[in-house]
1. How many residues are part of a helix (DSSP H, G or I) and surrounded by fewer than 21 Cβ atoms within 10 Å (Cβ to Cβ) when one looks only at segment B:200-212?
2. Could you give me the residue pairs with C-beta distances under 6 Å whose first residue belongs to segment B:226-246 and is under 20 Å from A:Cys79 (Cα atoms) and within 13 Å of chain A (Cβ to nearest Cβ), whose second residue is aliphatic (A, V, I, L, M) and part of a helix (DSSP H, G or I) wherever it lies, and which are 6+ apart or on separate chains?
3. Among the residues of segment B:321-339, are any outside any helix (DSSP H, G or I), open to solvent by 60 Å² or more (accessible area, probe 1.4 Å) and closer than 27 Å to B:Ile417 by Cα?
4. When segment B:74-111 is examined, which residues are found to be closer than 20 Å to B:Ser346 by Cβ and within 14 Å of another protein chain (Cβ to nearest Cβ)?
5. Could you check A:Asn75 against (1) within 7 Å of chain B (Cβ to nearest Cβ); (2) crowded, with 24+ Cβ neighbours inside 10 Å and say which number it fails?
6. Just to be sure, is B:Asp99 of a type in the set (Asp, Glu), under 22 Å from A:Lys31 (Cα atoms), open to solvent by less than 50 Å² (accessible area, probe 1.4 Å) and touching a residue at least 24 places away in the same chain (Cβ under 8 Å)?
7. Looking at (1) within 14 Å of another protein chain (Cβ to nearest Cβ); (2) in contact with a helix residue (DSSP H, G or I) (Cβ under 6 Å, 6 or more places away or on another chain); (3) open to solvent by 30 Å² or more (accessible area, probe 1.4 Å), find the lone condition where B:Lys164 falls short.
8. Tell me, yes or no, whether segment B:38-50 has at least one residue that is out of contact with any helix residue (DSSP H, G or I) (no Cβ under 7 Å at 6 or more places or on another chain) and among the acidic types (Asp, Glu).
Amino acid sequence: MEPIKQFSGTVCPLDRSNVDTDQIIPKQFLKRIERTGFGQFLFYHWRLDEEGKENEAFVLNKKQYKDASILVAGNNFGCGSSREHAPWALLDYGFRVVIAPSFADIFYNNCLKNGILPISLSEEQVGELLHTAEGKQTELFVDLEQQKVTNNNGFSAEFQIDPYWKQMLLNGWDEISLTLTLDEQITKFEKSAMVKG
Amino acid sequence: MAPKTIIDKIWEQHKVHGEEGKPDLIYIDLHLIHEVTSPQAFEGLRLNGRKVRRPDLTYATMDHNVPTADKNKINDKIAHKQMATLEKNCQEFGIELADIHHPDQGIVHVIGPELGLTQPGKTIVCGDSHTSTHGAFGALAFGIGTSEVEHVLATQTLWQSKPKTMEVKVNGKLAPGVAAKDLILAVIEKFGIGVGTGYVMEYTGEAIRSLSMEERMTVCNMSIEAGAKAGLISPDDVTISYLKGRRHVPSGEAFDQVAARWQSLASDEGASYDKTIEIDASEIEPQVTWGTNPSMGSSINGNVPYPDQFESQSERESIQRALDYMGLEPGTPINEIEVDYVFIGSCTNSRLSDLRAAAEIVKGKTVHSGVTAIVVPGSQTVKLLAEQEGLNTIFINAGFEWRESGCSMCLAMNEDIVPPGKRCASTSNRNFEGRQGNGSRTHLVSPAMAAGAAIEGKFTDVRNFQAALA
């Protein structure tokens, strides 16, 4: 995956809570056997009407957010199905950072494995970002090394991330290769625990 | 020694490697695979020249997009390709597969327990969020993404931070006519869909102990709907007797040994949890959801809420949006909501006891005119057993369709779709927008409640039916 260290981008404010992965990518698009090409299906039924035309009222379709790469949303983002197609669609559409007060566990993990940085900030901080970005184009600066989110209007917030995942994201490491360096230990465990088929 | 929870015990037994400031490397005992979330993982293995480390601990089936009307007619070419890809991957990497024509085929969370692959104390993963179902046996079972599927295939391990523990204490007893589905829907309605985020839930209390294994699976299945990573129940005699004699469970003396070990995994008296929530089972009534997430529910005797009843602006907005989507007016009595479709199936409620509960209501009656009702058994084994006791005849005579096993209308990836604007009483687990088809309106209920809705054409307190039967 592509490393992420410092990142700046336009904010897209999606002021909804409990956005589930069925909304992020509906099930009719899960039948592909590749990891790529899912961006066109992102928020499909919110973004497009029944005839496939853009729904102008939906935030992603507004011109000030067209090039957004940082999604800011309400709490419990990514709940529901474990489909990794959700972060694949976000990434393919152009999002590298998602900010919300809280994330569903599986979605959060899935982001980390794909070089998307999920950032959890307080309800107030997220509220401020949503408010600032309402109706206009705003930029945010994300510094993973410093674990900080800032903008030009004096907003500054620190965020937490597990140091292990921080290293993985900063370096864009392949997790399986790292785990395989512990191969001997896994074999030893299998022998001692007599893991049976 | 300090008392421990079952979660602590399983974690300790599976820790391969741990260092300060890092997640633990956890060994995985059973990896279940299906056609939708695995193709990219196998492709990743191939691109890197990697093997499947333990094909013997991996088991595959096809469930998400299989047709249920006729197994031999796969009209969807892309779905067909996904199934063919799984078959090819299983062959190439030496993984046992119950394909669409196999007698063991079924929903992955139905067949794992059925075959005895699911056992207490195991760590079990699958690229599906309802993997929490297997927790009913006292296994630590959770859903993973496709990258993690690839990681488990290659290494049989996962990096995991130890989750926090939550005790969900269900006191008292369920009243007659109230199902396990009602119990878990009531828990989610009371505590919300985010209560479990970051936690593994252990269900305890008198009501849980009195549940059968299949009922426990229904409860654990929906742990993810409360946001939990996993949900489990400490093993007891009910667990042991369910497992005895199953194909992948040891027999004879070896069974007695393993059974004793399983019993010892139960949480110790006095073990402490990071959080405890409690609910009184005796107050729970049959449930029906009215909104677009599983916490938006009510008792059958309640009403659709008014958005003004809610405190925060964002809550009022989300309730209003849900009601608009569902086409419901505030204040409407739940038992006046009419349905167009009834779906009995899914990893939540498609086991033999679920079908029996629905058949008991349906027997000798007729599906209401204008209602399309289908029964989709969870597995070929469930289907066969149900047919042996004549449940299929009861359903078919009443006007239900009797289908082949699969996930079907729970997520509508195959041809079993609820049309736009139509309302479905469903025994599945999610009522998200568009879940059962674009524009479809889902109401989550128990199998008996779904059966009642099929007969009456609207939601009805199934206890009235049951009283008439008694």
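The values are calculated or read from the model by the stated rules, or taken from the named source; none is laboratory data. Given the structure is predicted, the values throughout are model-derived calculations rather than measurements. Cβ placement follows ideal geometry from the backbone for every residue including glycine, while neighbour counts extend to all protein chains displayed. Accessible surface areas use protein heavy atoms only, side chains included; no ligands, DNA or RNA. Shrake-Rupley method; radii C 1.70, N 1.55, O 1.52, S 1.80 Å.
1. Residues that pass the stated criteria total 2.
2. If the second residue must be aliphatic (A, V, I, L, M) and part of a helix (DSSP H, G or I), the pairs left are B:Ala226/B:Ile188.
3. Within segment B:321-339, one or more residues are outside any helix (DSSP H, G or I), open to solvent by 60 Å² or more (accessible area, probe 1.4 Å) and closer than 27 Å to B:Ile417 by Cα.
4. Within segment B:74-111, B:Asp76, B:Ala79, B:Gln82, B:Met83, B:Val108, B:His109 qualify.
5. That leaves (2) as the condition not met.
6. yes
7. (2)
8. There is at least one residue in segment B:38-50 that is out of contact with any helix residue (DSSP H, G or I) (no Cβ under 7 Å at 6 or more places or on another chain) and among the acidic types (Asp, Glu).
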